1. Are any of the residues in segment A:47-61 touching a helix residue (DSSP H, G or I) at 6+ places or on another chain (Cβ under 6 Å) and over 26 Å from residue A:144 (Cα atoms)?
2. Going by the structure shown, is residue A:53 surrounded by fewer than 18 Cβ atoms within 10 Å (Cβ to Cβ) and either outside the structural domain of residue A:16 (by TED's automatic domain parsing) or at pLDDT 90 or above (or both)?
3. From the list A:59, A:9, A:22, pick out the single residue that is over 21 Å from residue B:127 (Cα atoms) and surrounded by 18 or more Cβ atoms within 10 Å (Cβ to Cβ).
4. Between a first residue in segment A:161-181 that is within 19 Å of residue B:132 (Cα to Cα) and a second residue that is modelled with pLDDT under 75 and surrounded by 15 or more Cβ atoms within 10 Å (Cβ to Cβ), which pairs have beta carbons less than 8 Å apart while being 6 or more apart in sequence or on different chains?
5. Give me the residue from segment B:69-80 that is touching a helix residue (DSSP H, G or I) at 6+ places or on another chain (Cβ under 8 Å) and at pLDDT below 85 and, out of that set, farthest from residue A:147 (Cα to Cα).
6. Quick one: which helices (runs of 4 or more DSSP H) sit completely within segment A:80-179 and have at least 3 residues that are modelled with pLDDT under 75, within 14 Å of chain B (Cβ to nearest Cβ) and within 29 Å of residue B:123 (Cα to Cα)?
7. Is it the case, given these coordinates, that residue B:129 is buried (at least 16 other Cβ atoms within 10 Å of the Cβ), modelled with pLDDT under 85 and closer than 16 Å to residue A:159 by Cβ?
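The values are calculated or read from the model by the stated rules, or taken from the named source; none is laboratory data. None of the values given here were measured: they were computed from a predicted structure. Backbone-built Cβ (ideal geometry, glycine too); neighbour counts: all protein chains shown.
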């Protein structure tokens, strides 16, 4: 039995095509505000895709982080005086990019053929988490039991990364101690 | 004479006044039920941060800073980080790092899963305060500089 059923595939593939289109628009459009909105559309599509693939935790997180990033991008970036991006066509760059994409596709084809089928991981430890998660941690939500109990180290590292990032932003952008012109 | 008003129009302010409490409450709900239903510390923390950002967008920075200013936010973030690390270190008393030393309780009840709800609260404080700080650093610090 396939992991993705036909019904899910019917819902999923138009969504994926929509996300790819939104990403292409985000890269190619000249107007910066349209670009930011297209990024938001792609993120929203990703959130719905997580929901279809039965990962509501990820869908919630993706949605709220996407909203926050969109507000940040609009408030912090758009107000500066770069309303549009102008770039000319450079044929040498275009050709080298095409060659790179072809090489990537060539090797990617061989690499992707060796991957395990979707939803059937080789790792045996995942099965252990699924079978013993409830009895070992007592948490009904298995995702939480993995990220806070079995993989607590990872979450601690993640929290440290976020802490360092916030500290860096505050230190770089602080008002106190800035040289006045 | 009234002071010149900050923030957006009256319509936005009224709607914000009605909704912001519910958004904050929903974030807290997501955090506290992290071990039972989808969600958890990170998602709930972002929603809590978004409720304060909602206030800033509608009412302007001055009003929102009365509720939560930069110093309180950074204090809360540090508390969250220290709380998470302390919970992890307390496990060493029972045997090893990140040991679930509390009573597991009955599954599907709010008071279950040992340390996991406390970890969720710690992560919520950290993520919420941290993202709020990033927001005010990237937007308000710059506006303050322009006025000078």
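1. no
2. In short, no.
3. A:22
4. Listed by first residue and then by second, the contacts come to A:173/B:141; A:173/B:142; A:174/B:141; A:175/B:141.
5. Among residues in segment B:69-80 that are touching a helix residue (DSSP H, G or I) at 6+ places or on another chain (Cβ under 8 Å) and at pLDDT below 85, the one farthest from residue A:147 (Cα to Cα) is B:70.
6. Details: elements: A:91-113, A:125-137, A:142-145, A:152-173.
Once the helices (runs of 4 or more DSSP H) in segment A:80-179 are filtered for at least 3 residues that are modelled with pLDDT under 75, within 14 Å of chain B (Cβ to nearest Cβ) and within 29 Å of residue B:123 (Cα to Cα), what remains is A:125-137.
7. On the way: buried (at least 16 other Cβ atoms within 10 Å of the Cβ): yes; modelled with pLDDT under 85: no; closer than 16 Å to residue A:159 by Cβ: yes.
Taking the combined requirement at face value, the residue does not satisfy it.
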